[in-house]
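Just so it is clear, none of the values below were taken in a lab; they were calculated from the coordinates. Keep in mind that this is a model prediction, so the values were computed, not measured. Glycine gets a Cβ as well: all are built from the backbone with ideal geometry, and neighbour counts include every protein chain shown.
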């Protein structure tokens, strides 16, 4: 791996500083959000920030720039909404992170073409949708997060990790278990908290049913061995003799 230049490191540090500052502010003054909402949001966005930093520094994916924009922009909105003057600190750091992520400094570092051995775009979309599900569930329930929403958020993170590591059965989980869990969660929490759960279920299932994702995630199972028959004229005489066959390939009578 080539050495990381200063610009990507600066963007990663600004994103990390934004999330840490926002988490501290929301822990001290979560209003107008409920405490459970603020907890799920900060925990979810900590995971999103970690994925974004890894996408910038390690994967060098173009999607990481877009995700960094989402992280910084969301914290700007949250900093403006929270009922404390410390929100201006969140806005300031998030604005710096947004300017750094959208500026030209990442242009030479991020890949302009997808990797030949990289994950297909549909798999990346499914993983990002799963990672973004917890903070989305929190934002949809500012008055408090119910237990089913917590469970669905935790399941989404676990499924994202399983899909990323190509754990056997994870593809079936994305195709069948995740949409079923999304429907059950939507029924339990009601509107508007049901919207991100249903959106996550539909999007992840649609991506996991794609053939390119199946090839990328499903383990490669070798097919049954097939016997390759050779013409007797091509077989060495000692092989035919050891097999008890004449030059035409017919076995000698016992």
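Here residue 167 meets the list (1) without any contact (Cβ under 8 Å) to a residue 60 or more places away in the chain; (2) surrounded by 15 or more Cβ atoms within 10 Å (Cβ to Cβ); (3) assigned to a helix (DSSP H, G or I) almost entirely, failing just condition (3). The set of residues in the stretch 19-38 being in a helix (DSSP H, G or I), more than 21 Å from the chain's Cα centre (by Cα) and crowded, with 17+ Cβ neighbours inside 10 Å consists of 21, 22, 23, 25, 26, 36, 37, 38. Quick one: is residue 137 surrounded by fewer than 16 Cβ atoms within 10 Å (Cβ to Cβ) and touching a helix residue (DSSP H, G or I) at 6+ places or on another chain (Cβ under 9 Å)? No; evaluated as a whole, the condition is false for this residue.
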